[in-house]
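See structure below.
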Amino acid sequence: MTGFQIPRNSLVWMLAAQIAVIVPHVPRLPVWVTLICVGCGLWRVMVYQGRWSYPGRWTKVVFVIAGLVGIGVGYQGRVYGLEPAVALLVIAFVLKLLEMQHKRDAYIVILLGYFVAITEFLFFQSIPYALYILFSVVLITAALIGLNQTQSHRQPLKTLKLAATLMVQSIPMMLVLFVLFPRISPLWTVPLESQAAKSGVTDRMSPGDIASLSLSPELAFKASFNGPVPGPSQLYWRGLVLENYDGKTWTRRTNLTDGIWRNKQSKPVWAKHIERLGNTQSYSIILEPTRQNWLFSLAAADLSANADIAMLDDYTLAYVHRRGVTTKFKYAVTSDLEYRLETDLSDEVRQRTTNLPSGSNPRARELANLLYAAATSDADYVNRVLIYYADEEFVYTLAPPVLGDNDIDEFLFDSQRGFCEHYAGSFVFMMRAAGIPARIVLGYQGGEYNALANYIAVHQFDAHSWAEVWYEGRGWVRVDPTRMVSPERIQRGLESAVADENTFLANSPLSWLKYRQLLWLQDLRQQLDAIGHYWDNWVVGYNPRTQLEFLSTYFENINASRLGLLMLTTFFVLLGIVALFVLRTRNTRLLTAVDQQYLRFCQLLAKQGLVRQTGEGPWSYNERVSQTRPDLAPVVTRVTREYTRMNYDLGAPNNSKALKKAVSAFRIKALTANV
């Protein structure tokens, strides 16, 4: 029965691996599920120590019910989706410990461990997480190795070293499969529902929304340009257009799906209203998961070659999948920074972009009428409104006061303190009050340039809102009233704009971005960010298109069939090299010190003409040698006895010193006999 029992060496690494793969999930697991994991682990330890017995059938039923209830309560009755599914797998993983008595049960636990480890990539795919999961896989592999070792291999650290060696040896084959194997969507791109809230720009705006978002240091996306990077004042990352206003909140219109243009479809009438005048920029964006459909680009974007991207009739880009961007998403865009957009405005769009709720903000309406009456044209009126922001004592701040029902009036005439949404919202209101079509655009402005990897990193604190005003013959033109109050925000970013009030990342004191004035820390952060950017580009974002582009630089006319042939050829070449190495080299590192001493003893006997036969056991070999050379029988028997005692007696200490002495005694005896 000992052949079916779980060795202690394997159980130690199994418990260590179980802790390692569950720990990253703990912040997402309900408290009850975490307590069940701890309880099952402790129970298994007590069983191993002989203090408790295995739980009975009804005890296991209670654990199962408690786990299911814990998942249901922890996720508020929602038993489907990404987090509940992973939690259910974790529950199955730990509950298997309570009935693990034989090796076959241990194999199931180890295989479940590999599955639980890989589920972490459903949530994060960064380098630190990849290295941690790699470490967890080494622990699981150590448990698998320990499960197949004899009792003579009772040194856990050597087992761990062997697992790490196997992992390192598998890297060349892994690289071949990663680079050459035809790309399919990895596990973490499966569009499963998740309850995880994602910060980012939303499809509605009211006073304070973007100011709150700008307290976050989280990354929004990275943009890599094929040529020189445009200046900060040109980096307006357009994402959403808000046209509806109810007196408090700006929102998108609800019928956006009525006008949608996908790649390779015939161009609709509204899409022909984009006039591209030059200053073309080609770039790619790696967008962080948002669980939303909107994408970001510079103005006058052209449709990407990606079939999953569409353009809406407000000239913004969208991801066509229903569940939105659930993982890092890379897409290529071409934009013309000089453009004319929709020079002919339909009556429907004009009515929608001049509409205001009746009776709201009377003082702002009166100011708009006065300024418009004195203006000579729509453009002159826009300039007069912008001059009003510049001449009055407006302040750009992340901590604006709370406004009442007539928030536009209170902001323009009373507080005069606000963030970009205050300026954009009040400006569009003033335009519409004068009958000029105007709307709000939400997105990001600026970004941090990383010269090491030549990309722009845009963070959540770069969130921004501005206005678009429609001019006769010119179409929609971007107007940013924030520039009149705080030009530093546009040219040098949020940190410079709010330097005096010390509110930049006030809620994130441990963020690296808060200490960009420390040059050594800034250099270190940018180096690490550059490494992460290459990882996102070439590992996380290694899709079929990227694979073909990469391989086409080394192989002409690469296609699916040639790719498969190249992969198989490389695979078998590496396999042949490994086979030759194994056949030509005897790897004694897998042997214990006791085994190595016995093999040395067999080599000494071979020099005496007594070669050990294939498959001949120690005592059979001893008997044949004793009959052939009675003079060597005592020392040969002593060596055989020590070896079998250390290798097969479970109670014997695994100490090779006694065997080494016996082998030395045999050598002396053999030399004396030859003399």
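Data for the structure
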| item | result |
| --- | --- |
| Residue tally, condition closer than 18 Å to Gln445 by Cα, surrounded by fewer than 19 Cβ atoms within 10 Å (Cβ to Cβ) and hydrophobic (A, V, I, L, M, F, W, C), over the stretch 263-294 | 0 |
| Trp52, sole failed condition from (1) part of a helix (DSSP H, G or I); (2) over 25 Å from Val540 (Cα atoms); (3) hydrophobic (A, V, I, L, M, F, W, C); (4) free of Cβ contacts under 8 Å to residues at least 60 places away in the same chain | (1) |
| Matching entry among Leu412, Leu403, Leu398, Leu386 (being among the aliphatic types (A, V, I, L, M) and free of Cβ contacts under 8 Å to residues at least 60 places away in the same chain) | Leu412 |
| Positions within the stretch 254-279 being assigned to a loop (DSSP other than H, G, I, E, B) and of a type in the set (A, V, I, L, M), in sequence order | Val269 |
| Arg253 vs. criteria assigned by TED's automatic domain parsing to the domain that holds Ser233 and under 23 Å from Asp480 (Cα atoms) | yes |
| Residue match in the stretch 556-564 (condition: modelled with pLDDT under 80, more than 29 Å from the chain's Cα centre (by Cα), part of a helix (DSSP H, G or I) and more than 30 Å from Asn454 (Cα to Cα)) | yes |
| Residue count for the stretch 491-515, restricted to those that are in contact with a Lys or Arg (Cβ under 8 Å, 6 or more places away or on another chain) and not in a helix (DSSP H, G or I) | 3 |
| Among the residues listed as Leu144, Leu112, the single one being assigned to a helix (DSSP H, G or I), modelled with pLDDT of 90 or more and over 22 Å from Leu35 (Cα atoms) | Leu144 |
| Number of the condition not met by Ser224 [criteria: (1) modelled with pLDDT of 85 or more; (2) within 30 Å of Asn361 (Cα to Cα)] | (2) |
| Yes/no for Leu494 being out of contact with any Ser or Thr (no Cβ under 8 Å at 6 or more places or on another chain) and not small (Gly, Ala, Ser) | no |
| Residue selected from the stretch 285-294 under the condition outside any strand (DSSP E or B) and touching a residue at least 40 places away in the same chain (Cβ under 8 Å), by the criterion nearest to Leu240 (Cα to Cα) | Gln292 |
| Selection count where residues are outside any loop (DSSP other than H, G, I, E, B), surrounded by fewer than 17 Cβ atoms within 10 Å (Cβ to Cβ) and hydroxyl-bearing (Ser, Thr, Tyr), scope the stretch 210-253 | 2 |
| Any helices (runs of 4 or more DSSP H) falling wholly within the stretch 576-675 and containing at least 3 residues that are modelled with pLDDT under 75 | 657-674 |
| The stretch 473-495, subset of a type in the set (D, E, K, R) and farther than 13 Å from Ala438 by Cβ, residue farthest from the chain's Cα centre (by Cα) | Arg474 |
| Residue match in the stretch 295-313 (condition: in contact with a helix residue (DSSP H, G or I) (Cβ under 9 Å, 6 or more places away or on another chain) and of a type outside the set (A, V, I, L, M, F, W, C)) | yes |
| Residues satisfying the stated conditions in the stretch 275-330, i.e. among the basic types (Lys, Arg) and more than 19 Å from the chain's Cα centre (by Cα) | Arg276, Arg322 |
| Any hit, the stretch 399-414, residues being of a type in the set (Phe, Trp, Tyr) and surrounded by fewer than 17 Cβ atoms within 10 Å (Cβ to Cβ) | yes |
| Residues (within 26 Å of Ile531 (Cα to Cα) and in contact (Cβ under 8 Å) with a residue 12 or more places away in the chain) located in the stretch 131-147 | Tyr132, Ile133, Leu134, Phe135, Ser136, Val137, Val138 |
| The lone exception for Leu505 - which of (1) farther than 18 Å from Lys222 by Cα; (2) free of Cβ contacts under 8 Å to residues at least 60 places away in the same chain it fails | (2) |
| Number of positions in the stretch 67-101 that are modelled with pLDDT under 85 and of a type in the set (Lys, Arg) | 1 |
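Listed here are the residues, each with its yes/no results for (1) among the small types (Gly, Ala, Ser); (2) part of a helix (DSSP H, G or I); (3) assigned by TED's automatic domain parsing to the domain that holds Asn293; (4) more than 30 Å from Leu371 (Cβ to Cβ).
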{"position": "Phe429", "(1), (2), (3), (4)": "no, yes, yes, no"}
{"position": "Arg432", "(1), (2), (3), (4)": "no, yes, yes, no"}
{"position": "Ile436", "(1), (2), (3), (4)": "no, no, yes, no"}
{"position": "Tyr444", "(1), (2), (3), (4)": "no, no, yes, yes"}
{"position": "Ala453", "(1), (2), (3), (4)": "yes, no, yes, yes"}
{"position": "Ser465", "(1), (2), (3), (4)": "yes, no, yes, no"}
{"position": "Trp476", "(1), (2), (3), (4)": "no, no, yes, no"}
{"position": "Met484", "(1), (2), (3), (4)": "no, yes, yes, no"}
{"position": "Arg489", "(1), (2), (3), (4)": "no, yes, yes, no"}
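The values are calculated or read from the model by the stated rules, or taken from the named source; none is laboratory data. Quick caveat, the model's predicted, so the values are computed rather than measured. Note that we place each Cβ from the backbone using ideal geometry, even for glycine, and neighbour counts take in every protein chain shown.
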